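Asker: One structure coming up, written as structure tokens, with questions to follow.
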Amino acid sequence: MTAITIETLKEQQQIIQQQSESAAESTQPLPSLDEVEQILGYEFNNKRLLEEAFTHASLGLGFSNERLEYVGDSVLNLLFTKQQFFEYPDLPPGALTRLRAANVDTEKLARAAVKHGLHRYLRHKKPLLKEQIRQFSEEIQRYPLHSNGLVDVPKALADLVESTIGAVFIDTN
């Protein structure tokens with residue numbers, strides 16, 4: 001590891017510590033991400049990736065889940081592409097593309113975040129997001145499979161699922 005990387009890690013650890021101290025002073029402390037590992041059934045070798053995956057850019061820590069979201073989006077698309085390639089050998093590429101898009105859309109990913117309780121661990125400073133997530137969680141009860149655009153979906157939830165997938169992918173080397 002280079003000196004720059006070690007220094008950067010130390011700075012990020014200080015920022016995380018400051019955030020944890022601020023959160024402790026607020027009414028709700030940040031939840032332990034150890035619980036996330038239990039939900040996922042996966043223990044991270046690099047806990048920093050887990051921290052990054054659950055940190056929204058609004059927190060202003062100098063890092064966020066955006067890069068891991070980028071990786072997770074690609075990984076998820078690749079996994080669906082491979083699975084569908086073998087499962088539907090007679091479908092043409094256009095149909096396979098539409099099928100993949102239907103399975104990795106924002107609402108389905110957001111539903112996965114809520115179903116597994118991952119939304120409770122998202123670290124952010126967006127006052128409206130908490131309410132949007134609460135409303136989304138209630139509204140999807142009326143539409144068991146998909147709302148087809150009738151429900152406002154907090155994109156941050158889909159991003160959370162993708163960043164988590166990206167974090168696991170990077171952590172597994």
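The values are calculated or read from the model by the stated rules, or taken from the named source; none is laboratory data. Everything numeric in this text was worked out from a predicted model, so none of it was measured. With ideal geometry, Cβ positions are generated from the backbone for all residues, glycine too; neighbour counts draw on all protein chains shown. Areas reflect the complete protein model, heavy atoms only, side chains present, ligands, DNA and RNA absent. Shrake-Rupley method; radii C 1.70, N 1.55, O 1.52, S 1.80 Å.
Asker: Are there any pairs, at least 6 apart or on different chains, whose C-beta atoms fall under 6 Å, with the first in the range 66-77 and within 16 Å of Ala101 (Cβ to Cβ) and the second surrounded by 15 or more Cβ atoms within 10 Å (Cβ to Cβ) and at pLDDT below 95, and if so, which?
Answerer: Note: pairs meeting the criteria are Leu76/Val104.
Asker: Separate question: For the range 139-160, indicate whether the set of residues that are surrounded by fewer than 16 Cβ atoms within 10 Å (Cβ to Cβ) and either closer than 27 Å to Gly62 by Cβ or in contact with a Cys (Cβ under 7 Å, 6 or more places away or on another chain) (or both) is non-empty.
Answerer: yes
Conditions tested, residue by residue: (1) open to solvent by 50 Å² or more (accessible area, probe 1.4 Å); (2) of a type in the set (Gly, Ala, Ser); (3) under 21 Å from Val161 (Cα atoms).
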| position | (1), (2), (3) |
| --- | --- |
| Arg67 | yes, no, yes |
| Ser74 | yes, yes, yes |
| Phe80 | yes, no, yes |
| Gln84 | no, no, yes |
| Pro93 | yes, no, no |
| Arg100 | yes, no, yes |
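Asker: Now, a different point. Checking Glu107 against (1) closer than 28 Å to Pro29 by Cβ; (2) crowded, with 16+ Cβ neighbours inside 10 Å; (3) among the charged types (D, E, K, R), which single condition isn't satisfied?
Answerer: Of the numbered conditions (1) closer than 28 Å to Pro29 by Cβ; (2) crowded, with 16+ Cβ neighbours inside 10 Å; (3) among the charged types (D, E, K, R), the odd one out for Glu107 is (1).
Asker: Another one. Within the range 27-36, which residues are under 15 Å from the mean Cα position of the chain (by Cα) and either at pLDDT 95 or above or hydroxyl-bearing (Ser, Thr, Tyr) (or both)?
Answerer: Hit for the range 27-36 is Val36, nothing else.
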